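Worksheet: one structure, shown below.
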Amino acid sequence: MSLINQMLRDLESRKTADDISPALQRNIHVIPTSSTSRPALIWSLLAAVMAVGIYWAYQYSQTPSKSSPLPDTDSYNKSPVPIVSYEKVLVAPNAVISDPTPEIEFKPKNTTIPAVSATQPEPAARPPAFQSRPPAQASTAMPTKPKIVEKPLNTKVPVSAKPVQINSVVAKQQADLLYHQAENDSGGYSTSHKLEQALMLDPKHLKARLLLAKTLYNQGQISKTAEFLDQSLALFPENLQFISTRAQLFLQQQNPSSALKTLQRINIVDNSNEAYLSLLAATYQQLQSYANAARTYQKLVSINPEKPENWLGLALSQEKLGNLKLSREAYQAALNKNTLKESITSFIHQRLNELR
């Protein structure tokens, strides 16, 4: 376009030159030019202008229009945007996954493109390039893959000890309640029934066992009492009351050897219980072990010298051993207590008369 303007200016300048007055033309010397060169120059200039116009038209046709809002769908299908790997989607379907591949985003101005469904199949394209797993510190949005622990089908769940402990406490409380109710009874059938129920709830309830043994013995159920005492000794093998009561039943049944075995469950030498030593001395007398009986009675006299039965037993043992002097002294000490029955007092006087 600038060449055309230049040509127009040249033509205007020539025209003005032709219009100059003859006075001025006298002083101008015209240089002769060739008449054939002017048309060739004009045609060359027009050809150059046309070439330049064709070149600019070609460049303009190759440049994409700025007002076109839609992208090239063919190029989009041929080179799709790389998709996030399938493994990452499985690990965290709702997480924001950072992909190092840049995403190309088309922002149309006035055209609304419908959203593509999430279930739409992927277009056939080349597989995405293998991407190395980013380090844990670089990507904080991607969670770690959860570890799935398979449990066996027939796993036995351990039973908690707390409910068992609570049940045992409740059972002990109920057993105590039944024991106190039986303690206030008169000792009949209802007493033994309540005590048996208490022992079913708490087999190691010692007071309930002692009261039940006494109740059964007072009711005259000797065999049942003996069986119950054997069960109690299995739970409390060194209980002195169970041992003494069971030994007494053996003595009533004229079984002093079993009574001695029962009494020997605990230490005989260091024992100082008066009821226990009395049963032990009586057992030695039934077994005709008079020396052991005399030693046991001598120990009883030293523990409780005010009891005439201890002196009487010592006198009988010393008489069997032939110690007449010691026997007479023991008989006289029993009489001096003045607490014996008349029948026993008469027996002691008779023995003193014979030992003189």
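The values are calculated or read from the model by the stated rules, or taken from the named source; none is laboratory data. A quick note: this is a predicted structure, and the numbers were derived from the prediction, not measured. Here Cβ is always computed from backbone atoms with ideal geometry, including for glycine, and neighbour counts include all displayed protein chains. The area values use the complete protein model at the heavy-atom level, side chains included, leaving out ligands, DNA and RNA. Shrake-Rupley method; radii C 1.70, N 1.55, O 1.52, S 1.80 Å.
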* Rank by packing, highest mean first: peptides 265-272, 219-226, with packing defined as the count of other Cβ atoms within 10 Å averaged across residues. => 219-226, 265-272
* **Probe 1.4 Å, all protein chains present, accessible-area order of LYS299, LYS214, largest first** => LYS214, LYS299
* With r defined as the distance between the Cβ atoms of GLN288 and LEU177 and R0 fixed at 45 Å, what FRET efficiency is calculated, to the nearest 0.05? -> 0.35
* Under a plain spin-label model, where a point goes 7 Å from the Cα along Cα-to-Cβ, how far apart in nm are ALA51 and LEU240? -> 13.9
* Structure fact -> So VAL170 and GLN221, fully extended at 0.36 nm per residue minus their Cα-Cα distance, gain in nm 15.2 nm
* Asked: From the backbone phi of segment 311-327, what are the Karplus-calculated ³J(HN,Hα) couplings (6.51 cos²θ - 1.76 cosθ + 1.60, θ = phi - 60°) in whole Hz, Gly and Pro given as x?
  -> 5, 5, x, 5, 5, 5, 5, 5, 5, 5, 7, x, 8, 5, 4, 5, 5
* Any of LYS194/LYS214; LYS261/LYS337; LYS299/LYS337; LYS224/LYS341; LYS194/LYS307 with alpha carbons more than 26 Å apart? Name them for me. => LYS261/LYS337; LYS224/LYS341; LYS194/LYS307
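Multiplying the sequence separation of GLU342 and HIS193 by 0.36 nm and subtracting their Cα-Cα distance, what value in nm do you get? Numbers along the way, then the final one.
Details: separation 149, 0.36 × 149 = 53.64 nm, distance 4.18 nm.
49.5 nm is the gain from fully extending GLU342 to HIS193.
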* Multiply the residue separation of SER44 and GLU354 by 0.36 nm, subtract the distance between their alpha-carbon atoms, and state the gained length in nm to one decimal. => 93.2 nm
* Structure fact -> Sorted by chain and number, the residues with a modelled amide H under 5 Å from that of ASN239, at a separation of 5 or more or across chains, are none
